[in-house]
1. For E275, only one of the following conditions fails: (1) farther than 22 Å from T358 by Cα; (2) in contact (Cβ under 8 Å) with a residue 24 or more places away in the chain; (3) open to solvent by 30 Å² or more (accessible area, probe 1.4 Å); (4) not β-branched (V, I, T). What is its number?
2. Looking at the stretch 346-374, I want the residues that are under 13 Å from T309 (Cα atoms) and have a partner that is among the hydroxyl-bearing types (S, T, Y) and surrounded by fewer than 18 Cβ atoms within 10 Å (Cβ to Cβ) with Cβ atoms under 7 Å, at least 6 apart or on another chain. Which pairs are those?
3. May I ask you to list the residues in the stretch 80-98 that are open to solvent by less than 10 Å² (accessible area, probe 1.4 Å) and part of a helix (DSSP H, G or I)?
4. Scan the stretch 99-113 and tell me whether some residue there is more than 23 Å from V283 (Cα to Cα), in a loop (DSSP other than H, G, I, E, B) and in contact with a Lys or Arg (Cβ under 6 Å, 6 or more places away or on another chain).
5. Are any residues in the stretch 7-66 part of a loop (DSSP other than H, G, I, E, B), in contact (Cβ under 8 Å) with a residue 12 or more places away in the chain and either over 23 Å from Q242 (Cα atoms) or touching a strand residue (DSSP E or B) at 6+ places or on another chain (Cβ under 9 Å) (or both), and if so, which ones?
6. Out of D278, D292, I need the residue that is over 28 Å from Q43 (Cβ atoms) and either at pLDDT 95 or above or touching an Asp or Glu at 6+ places or on another chain (Cβ under 6 Å) (or both). Which one?
7. Can you tell me which residue is nearest to A63 (Cα to Cα) among those in the stretch 140-153 that are open to solvent by less than 10 Å² (accessible area, probe 1.4 Å) and either touching a residue at least 60 places away in the same chain (Cβ under 8 Å) or not hydrophobic (A, V, I, L, M, F, W, C) (or both)?
8. Working only within the stretch 228-252, note down all residues that are over 18 Å from the mean Cα position of the chain (by Cα), more than 13 Å from Y33 (Cβ to Cβ) and in contact (Cβ under 8 Å) with a residue 60 or more places away in the chain.
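The values are calculated or read from the model by the stated rules, or taken from the named source; none is laboratory data. Treat the numbers as computed from the prediction; the structure is a model and nothing was measured. Using ideal geometry, Cβ is built from the backbone for each residue, glycine included, and neighbour counts are taken over all protein chains shown. Surface accessibility is based on the protein's heavy atoms, side chains included, excluding ligands, DNA and RNA. Shrake-Rupley method; radii C 1.70, N 1.55, O 1.52, S 1.80 Å.
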Amino acid sequence: MNIPVNTPVFNGNEKKYLMDCIDTGWISSAGEYIEKFETKMAQVVGQKYGIAVSNGTAALESAILALNLEKGSEVILPDFTIISCVQAIVKAGLVPVPVDCTWDTWNLDVTKVEEKISDNTKAIMVVHIYGLPVDMEPIWALANKYHLFVIEDAAEAHGLAYRGKQCGGLGDISVFSFFPNKHITTGEGGMVLTSQDEFYARAVKVRNLFFDSERRYIHEEFGSNFRMTNIQAAIGLAQLEQLEKTVVKKREIGSFYQEELSGIDAIQLPVPKTEYADNIYWVFGIVLRDPDLPADVVMNKLGEKGIGTRHFFYPIHRQPALIKEGCCEDKFLEDEQFANANYICEHGFYIPSGLGLTFDEQRYVVQAIRSIFI
């Protein structure tokens, strides 16, 4: 048996909308599906505008540039997150300030954010990790107190709600990714969302090479070609129509794993719910409790049984590219500040949980894990 970490599912209007793009010839970065997808995503999360882009990394870079922060400004972000987050900050000439994650939710530890705020801090980037949101109320309070922007990375949070409000609508500017392992996929793709007219206007220009509105080939600033195609947007719109069913399916997968694996003392499972959110299990993560047992050992054993796994994120403060850049002050990179991120990086991994996962496959994964620890 060979079970990948993720298999996407296309069982809605994807083919119908794609054929419409082909039949009408609207296959590039113009067409009605782009506007429909942007409008519908913005409505779902409660933002005024959506700006569809080519991928999630492009969405992060567009969002950062849309804020138009002064070079050298500091942006606080979680240490435990994907490289795209810090890359967008550094490429914009800003200074990343990482903060450790919590032990249980693996999200940004909001109790440690304020101590990292300086006179040069201009924004806090929150990243909802693996199916649970960051606790946003303390973040909003700090943003109001210190006059900071909130950048929300909801790449892993399609359909996730924080205290009843949809993720993607919790920041001054927010982003989604539509990579194949996301609840909504366009193959590659992303979106910036905001209710601020100024941020919207800048993000649109960043996406399209900063073409001048009156004289196209005059450029006041450098932008990028981050445009999404009409074909991608057609797939995305069809996927969005299925989002509620997708979340139900992912929670069913997560609940089965929780029930079947909960008796294994050697592993830490995801938190099913907090006081402010129910887990949507974007992925199903496992952390090994034995500090002498690295994740690779168990991952290799599962791999021998044909079960795909993937490492947890590598901490930002340990990223070789970041260290080479020298873009962080030494005081931000002291390793002992990031005990939780360091541990779960070395001892955490996730198992198959994609929408295409069958019940028999999931049962096989459970049996394989139990055979290792029991």
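1. Failed condition: (2).
2. Qualifying pairs under 7 Å: G354/T7.
3. Correct list: C85, V86, A88, I89.
4. As a first pass, look at the stretch 99-113 and keep what is more than 23 Å from V283 (Cα to Cα): 111-113.
Right, trim to in a loop (DSSP other than H, G, I, E, B) and you get 113.
The next check asks that each one be in contact with a Lys or Arg (Cβ under 6 Å, 6 or more places away or on another chain); those that pass are none.
Looking for residues that are more than 23 Å from V283 (Cα to Cα), in a loop (DSSP other than H, G, I, E, B) and in contact with a Lys or Arg (Cβ under 6 Å, 6 or more places away or on another chain), one finds none in the stretch 99-113, hence no.
5. Residues satisfying the conditions are W26, S28, S29, A30, G46, Q47, K48, S54, N55.
6. Numbers: D278 fails: over 28 Å from Q43 (Cβ atoms).
One residue alone meets the criteria, D292.
7. Among those that are open to solvent by less than 10 Å² (accessible area, probe 1.4 Å) and either touching a residue at least 60 places away in the same chain (Cβ under 8 Å) or not hydrophobic (A, V, I, L, M, F, W, C) (or both), it is I151.
8. Q242, E244, K249
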